Each structure stands twice: as C-alpha cells, then as structure tokens.
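Novice: Pasting a structure here, questions to come.
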Amino acid sequence: MSTAVARPPEPILHVDMDAFYASVEQRDDPDLRGRPVAVGSPTGRGVVAAASYEARASGVRSAMPMVRARRLCPDLVVVPPRFDRYRDVSHRLMALLRDVTPLVEPLSLDEAFLDVAGAVRLFGDPPTIGHHLRGRVRDELSLPCSVGVGPTKSVAKLLSGLAKPDGLLHWPAAEVVERLRPLPVRLLWGAGPRTSERLVEHGLATVGDVADTDVRVLRRLVGDALGGRLHDLAHGRDDRRVEPVQDARSVSAETTFDDDVDDPVVLERRLQRLATGVTRRLRAQGLAARTVTVKVRFADHRDVTRSHTLPRPTDRTHDLVAAGRELLAALRLGRTRVRLIGFRLSGLGAPEGAAQLALLDDGGTTVLPEGQEPGERWSALDRAADAIADRYGQPAVSFASLLDDEERDGSGG
C-alpha cells in the first residue's frame, strides 16, 4: 500500500520572530518586560536597531535616530546590542525549524522560509505545523514569533507580517488572488518606499491596481525586471523555491520542564520519549544516524552535552535510545536540578548498509525465528509503530516504562 502524501496547496511557511533583539532583551531581563525598549547605542548618533512593541506604540521604529526615539517615547529604555547572544538564539531557532523539515532557508537571524510538504505525514497540514512551531518557539526559546502559511514564498512572507505580533495567518491557495487585491501596494515583496510612492503617484495604490495594469506600463514605471515581478506577485505567481543554506545535519528535540526536575527516573523517561519521537522522524526522512548526543541544562542555565558515535549507522529506536540512556547515566546527575533535557542524532546518511548493532542486542538469549538476524524484531517493531502512529496521529506503541507518564499527561512519545 502506498504511503505517499500529495503535496499540499499551501506548503510554504515564513517564520518571523517578533521584535527579535528587543524580545531577547526582555526575556533575559525581567525588569524590561512590559516596558518600551529600544536596542541600540544610547549615546552619540546611534539609531534604533530594534524596538519592542511597547515602544512601537509610541512611534519608535527600527533605523530611527535614537534622539528622535527618546523624544517620541520619554520612558524609553535603551539597551546596547548583544549580537553574540542574538546569534546564539538564532542558531537554536534554525535548529528547531530543521527538526520539522530540512528545507529551511534563513533570510536573517530572525526569519526563515520553510517548505513543509514533506512533513505533513508526520506533523499534519501546514497550518498545524505552523501552530506547532509557534508553540515550540514559545516553550523552548521563551520568545514570540509570527507565521505565514501560503502557496508561495511571497504570500507566506506577506502573511507573517499581517499576523504580527505573535500570530499565524493562512490563506487557501484558491483565495489568494482576491485577498491580495485590496491590500496596499507597499505590501508586495520588492515594492520599497520609493517604488510604492511612484506607483501611487500613477494611481496604482492597491495590489489590484497593479494586477489590472498592463505589464508593459509597469516596466516603464519601475523597470523591466521589477515591473514584471510585481505584476506576477500581484496575481499570486511566484515560482521561487525554498533554497536551504545547508542540508540537515542533525535531528533533535528538547523539552523544558515547568519545574526543575531532580528525579533520575523522570529524566530517563523524558529522554526516552524525546528519543522515540526523534528516531521516528529520522526514519520518516529515510536516514540513519551514527552519533547520539544528550544535552542537559541545569537550574542555573549551564549546559552540558555528551555524545557517543556508534560503530555503524542505524535508524533503530532500540539502539539509539539505549545509547542515549547510557550517556545520561554517565553524567551521574544524582539529585541535581535539571531545567531542560535534549536528544540529538547526527552523522546522518542513507540507511543502506545500516547494520544491526550487536552490542545492543539482547545477548542471544532470545530464540529467534529461523533466518532472522538478531535485532530484526526491533526494526519490525519500529515499522509497525510508525504505521500505527501515521494512522492514528500519535505514537501508539511505546516503551513500557513510559506508560505511567503517558497516562499522567495524556501524551505519547
């Protein structure tokens, strides 16, 4: 039976962090939350690098001279930029996005396109994936973001802007052209302030006006290349693909506990749940992994990671979870309070030649059917579990040690 899933009509997501630099500063310093914040130099001829939404309510905008920003908002709190910190958060954001699909095209530190057509079988339709990502960004990074979901890159980017702050907007492909028509022309991707002003001067104030104008007229007004592009965008046409900067190098998941955890049993169970989900995504992408990494963040926000490279690549949940449990045990955490735990697989490659790992089999104590290699039953169990999860929307086969957890919180691995 074929398991192929048709490409959805709106497969493109644009994820855009809200007031990124300012939001990071407000997250890291509780005293700044709810206050008008501008990131930039507080002296000299500094300009605003980013403004919180509280500051924007007073008219403060990015690239505005700080002197003017202070006049508009006398209560403005100015903080110097910490670009190393923003890059670190951006790295974590992009890794989170690549957990869903390897087709991630970053545009800057705080925004990226995703093509999620290949992820719908695992995570649901594109709007559901968008909601899922917003929740993970909120839970794992403690930051807000907005998501646009549409049939093309230009529409998805437009929608993320309309969804701000902290929202999601999805337009069905069949409705895009009509929904575009009443929008101001400045919202078309590529219609900067000067271009928009020139179009408005010639009576083209809306996207519909541009769509109804002969492309030759547009080319005379704004140039051949831009005129043709704006005409296409006004009709909802955009054939640009999401171009990932790099191939996916890892598959991972993390969870932040509501309250710090010092129970080794709880930590091991949560690691198993994360690992079960990650290995399922690994198989869905047709990959095998050699390196297993466990990450722990302590209550004081210090991180520690431990990795182990297996002798051969594998996609078997049993093997990879066992390696993760050994790494966790080797940390000898005792009753140390833990804020976050994560599980990552790297050294990814095609599964051809991925062998069963004898050292993680059951020592030959189980009698196997004639002709069946040790460990094959684990692969068969993985395939069965994946099929059940695909059908019912969540894992229905899990480790026995996780059953109590699943009954308590109502969720599967």
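Novice: Could you tell me whether the stretch 237-255 includes any residue that is aliphatic (A, V, I, L, M) and over 30 Å from GLU326 (Cβ atoms)?
Specialist: yes
Novice: Restrict the check to the stretch 212-228 and report whether at least one residue is touching a strand residue (DSSP E or B) at 6+ places or on another chain (Cβ under 8 Å) and not charged (D, E, K, R).
Specialist: No, that holds for no residue.
Novice: Here's a follow-up. For ALA284, are the conditions met, namely being farther than 29 Å from THR336 by Cα and either surrounded by fewer than 20 Cβ atoms within 10 Å (Cβ to Cβ) or in contact with a helix residue (DSSP H, G or I) (Cβ under 7 Å, 6 or more places away or on another chain) (or both)?
Specialist: yes
Novice: So VAL15 passes all but one of these: (1) closer than 27 Å to VAL278 by Cα; (2) assigned to a loop (DSSP other than H, G, I, E, B); (3) of a type in the set (Val, Ile, Thr). Which condition number does it fail?
Specialist: It fails just one condition, (2).
Novice: So if I check each of ARG240, ARG249, which one is surrounded by fewer than 19 Cβ atoms within 10 Å (Cβ to Cβ), closer than 30 Å to THR314 by Cα and touching a residue at least 60 places away in the same chain (Cβ under 8 Å)?
Specialist: Just a single option satisfies the conditions, and that option is ARG249.
Novice: Working only within the stretch 321-359, note down all residues that are at pLDDT below 90 and of a type in the set (S, T, N, Q).
Specialist: Listed by number, the residues that qualify are SER346, GLN356.
Novice: Also, I was wondering about something else. Please go through (1) of a type in the set (Lys, Arg); (2) under 21 Å from SER146 (Cβ atoms); (3) in a loop (DSSP other than H, G, I, E, B) for ARG35 and return the number of the only condition it doesn't satisfy.
Specialist: Going through (1) of a type in the set (Lys, Arg); (2) under 21 Å from SER146 (Cβ atoms); (3) in a loop (DSSP other than H, G, I, E, B) one by one, ARG35 breaks only (2).
Novice: Something else: When you go through GLY236, GLY324, GLY286, GLY334 one by one, which is the residue that is small (Gly, Ala, Ser) and closer than 30 Å to GLU175 by Cα?
Specialist: On the way: GLY324 fails: closer than 30 Å to GLU175 by Cα; GLY286 fails: closer than 30 Å to GLU175 by Cα; GLY334 fails: closer than 30 Å to GLU175 by Cα.
Criteria check complete, one pass: GLY236.
Novice: Now for a different question. Name the residues in the stretch 142-160 that are in contact with a helix residue (DSSP H, G or I) (Cβ under 7 Å, 6 or more places away or on another chain) and not β-branched (Val, Ile, Thr), would you?
Specialist: The initial filter retains those residues of the stretch 142-160 that are in contact with a helix residue (DSSP H, G or I) (Cβ under 7 Å, 6 or more places away or on another chain), namely 142-151, 154-155, 158.
Of everything in the stretch 142-160, those that are in contact with a helix residue (DSSP H, G or I) (Cβ under 7 Å, 6 or more places away or on another chain) and not β-branched (Val, Ile, Thr) turn out to be SER142, LEU143, PRO144, CYS145, SER146, GLY148, GLY150, PRO151, SER154, LEU158.
Novice: All but one of (1) of a type outside the set (Gly, Ala, Ser); (2) buried (at least 21 other Cβ atoms within 10 Å of the Cβ); (3) farther than 16 Å from VAL137 by Cβ hold for LEU93, so report the exception by its number.
Specialist: (3)
Novice: I want to confirm something. Restricting to the stretch 1-51 and keeping residues that are over 27 Å from the mean Cα position of the chain (by Cα) and modelled with pLDDT of 95 or more, which single residue is surrounded by the most Cβ atoms within 10 Å (Cβ to Cβ)?
Specialist: That would be PRO36.
Novice: Follow-up. Looking only at the stretch 96-113, decide whether some residue is more than 26 Å from the chain's Cα centre (by Cα) and surrounded by fewer than 22 Cβ atoms within 10 Å (Cβ to Cβ). So that I can check it myself, show each step before the final result.
Specialist: As a first pass, look at the stretch 96-113 and keep what is more than 26 Å from the chain's Cα centre (by Cα): none.
No, that holds for no residue.
The values are calculated or read from the model by the stated rules, or taken from the named source; none is laboratory data. Since we're looking at a predicted model, the values are computed, not measured. For neighbour counting, all protein chains shown are included, and Cβ atoms are generated from backbone atoms with ideal geometry for every residue, glycine included.
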